[in-house]
1. Any idea how many residues of the range A:381-410 are over 19 Å from A:Val230 (Cβ atoms), part of a strand (DSSP E or B), away from chain B (no Cβ under 11 Å) and small (Gly, Ala, Ser)?
2. Out of curiosity, is B:Leu136 among the hydrophobic types (A, V, I, L, M, F, W, C) and out of contact with any Phe, Trp or Tyr (no Cβ under 6 Å at 6 or more places or on another chain)?
3. Kindly establish whether A:Ala312 is under 21 Å from A:Thr108 (Cα atoms), more than 21 Å from the chain's Cα centre (by Cα) and either of a type in the set (Lys, Arg) or in the same structural domain as A:Arg132 (by TED's automatic domain parsing) (or both).
4. For the range B:36-58, which residues satisfy the criterion of being touching an Asp or Glu at 6+ places or on another chain (Cβ under 7 Å) and more than 27 Å from A:Cys390 (Cα to Cα)?
5. Out of the residues in the range B:8-36 meeting the condition of being at the interface with chain A (Cβ under 9 Å from one of its Cβ atoms) and more than 22 Å from B:Ala140 (Cα to Cα), tell me which one is surrounded by the fewest Cβ atoms within 10 Å (Cβ to Cβ).
6. Would you check which residues across the range A:251-268 are part of a loop (DSSP other than H, G, I, E, B) and either surrounded by fewer than 23 Cβ atoms within 10 Å (Cβ to Cβ) or of a type in the set (Lys, Arg) (or both) and list them?
7. Within the range A:4-26, can one find any residue that is among the polar types (S, T, N, Q), modelled with pLDDT under 95, under 26 Å from A:Ile94 (Cα atoms) and crowded, with 16+ Cβ neighbours inside 10 Å?
8. Being in the same structural domain as A:Glu331 (by TED's automatic domain parsing) and in contact with an Asp or Glu (Cβ under 7 Å, 6 or more places away or on another chain) is true for just one of A:Val400, A:Val365. Which residue is that?
Amino acid sequence: MHTMTGQPEALEALTAGEVERIKADFEILEHQVNGVDVVYLDSGATSQKPRCVYEAEQHYYENANAAVHRGAHSLAVEATEIYEQARETVAEFIGARTNELVWTANATEALNLISYSMSNASLGRGGEAAARFRLGPGDEILTTELEHHANLIPWQELAFRTGATLRYVPITEDGALRYDLLDELVTERTKLVAFTHVSNVLGTITDTQKFVDAARKVGALTVLDGCQSVPHLPVDVKALDVDFMAFSGHKMLGPTGIGALYGREELLNAMPPFLTGGSMITVVDMEHAEYMPSPQRFEAGTQRIAQTHGLATAVAYLDEIGMGRVAAWEEHLGAMLYEGISKIDGVRVFGPADAQRIGTVPFEVIGVHPHDVGQYLDSRGIAVRVGHHCAQPLHRALGVNSTTRASTYLYNTEADIKALLEALGSVREYFGV
Amino acid sequence: MNELDQLYQQVILDHSKRRIGSPLVELTEGLLHGESHQHNPICGDQIRVRVELDDQDHFTSMSWEGDGCSISMASASVLAEMLPELTKEEFLGKRDYFREMMRSKGNFEPDEDVLEDAAAFVGVSKFPARVKCAMLAWVAAEVAMHEAHK
């Protein structure tokens, strides 16, 4: 599973029976909402968690809780082992070496880590070794118009702080990335290219190779937002050949409060730290400090140990099922969604029709505000996301303020999709449009 | 009536389409006028409300333009219908009463003589996530009132 590049291979999808058995591992999906069985189609916001994940956290607290990387007692040793084993498990899951995986609170913090480390380098921190991370007037950062705000605002702020210029790859009115403009937009001035692997709104999969090739040509760093790809597709950072990748645990069956940054070893070791304090130093005197190599240099303060253990348990769960098969199942559900919604009178889907997508589809019920659509669906137990999904520029480019988004995961059945399609067929009638 | 039907009472759905007071109207000379733009960052709903008052602190008109869910748009329509001829004090009294209803989580029997069509929003109070939608126009009208000048 660790050799693929993010484009799912033609693996056999999960069977309906397997999905039912998977679903049974998720206590919350057995509950009712508003007197009906819950149909959870909001995994793009956060996934549900199988029992084994929170049981792993509980087990940690009951048997091994202690601060890591300090203290000589047995519990501290065991906690450290669990914490570092989790790193190894999650690093392996994305094809990284263990010391190339830095724990963060979430993908947002991971992206901010790069942004602030680069500001610090631009102020001279990290010395000559960090020269590559310096930005100033005349330098450019390139992102895209379809990014989640978390992969946009940290670069806006980095540009403000350093005097660099932020540019972006626009999208078509269908929401397709303008790859044809990459050659023009990536120049000798470009120092960093930040782009998403999968759009959190459209569910479309980026042709990452085009970005990586363009960036390599000019020696720019590449940052991949893996929030919506790592949970849903086989992802191998070495095959993708990106310099950095950020992702969040809570979208991939793991707990909230834990995410990670992948970075090439030589880059992480050359970057000045972002958060500073305990646990990330070697020698400290009153005037200055020497820092640990990666990943410890980026893990100041007491860490989220139970959460790393929970995330590693989630990753083992996914690995056992096989990400290729998860991806194939969700591709099937995504096609069912896209085609099914397209056929409903008075409902419009967003996103290019010919794109490769995960099980995420945004749509509009003509004449009914997304908030009202979401409320109507909720009364039937169907959970979807409404609003701008933290991607206002994307919505502006699509010509709307907000959309309704259905997003699947491996525990969603065909019946879930049918329930949504059936409910969508009666929304306009209910609201009298 | 189920909870959804209590939320989306016919009078609310009607107002969300009629949009009384929308779009914005030109200012009348000689009156005090104020304007406020309010935005709900959670859902992106937005509204611009313009009110006019005479020298005796009576509202003479409310007009507005907005983009949002049926609850927020209907609430603006209901308010635009109710506001003319109210005094500032009467408006603030109704505003307090409306807010009390919105915070009641459904435990409220509104006096229709006080709230008129706005009484239909009692069903909204059972949906905490929607209370902001219902309050948006009221907040905008109050800010516009405080800023009113010649």
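1. Here the count works out to 2.
2. Values: among the hydrophobic types (A, V, I, L, M, F, W, C): yes; out of contact with any Phe, Trp or Tyr (no Cβ under 6 Å at 6 or more places or on another chain): yes.
Yes.
3. Numbers: under 21 Å from A:Thr108 (Cα atoms): yes; more than 21 Å from the chain's Cα centre (by Cα): no; either of a type in the set (Lys, Arg) or in the same structural domain as A:Arg132 (by TED's automatic domain parsing) (or both): yes.
So A:Ala312 fails the test.
4. Residues satisfying the conditions are B:Arg50, B:His58.
5. B:Gln10
6. Taking the range A:251-268 as the starting set, the residues that turn out to be part of a loop (DSSP other than H, G, I, E, B) are A:251-258, A:264.
Hits for the range A:251-268 are A:Lys251, A:Pro255, A:Thr256, A:Gly257, A:Arg264.
7. Looking for residues that are among the polar types (S, T, N, Q), modelled with pLDDT under 95, under 26 Å from A:Ile94 (Cα atoms) and crowded, with 16+ Cβ neighbours inside 10 Å, one finds at least one in the range A:4-26, hence yes.
8. On the way: A:Val365 fails: in contact with an Asp or Glu (Cβ under 7 Å, 6 or more places away or on another chain).
Just one listed residue meets the conditions, A:Val400.
The values are calculated or read from the model by the stated rules, or taken from the named source; none is laboratory data. In this text, all values refer to a predicted model and were calculated from it rather than measured experimentally. Note: ideal-geometry Cβ built from the backbone for every residue, glycine included; neighbour counts use all protein chains shown.
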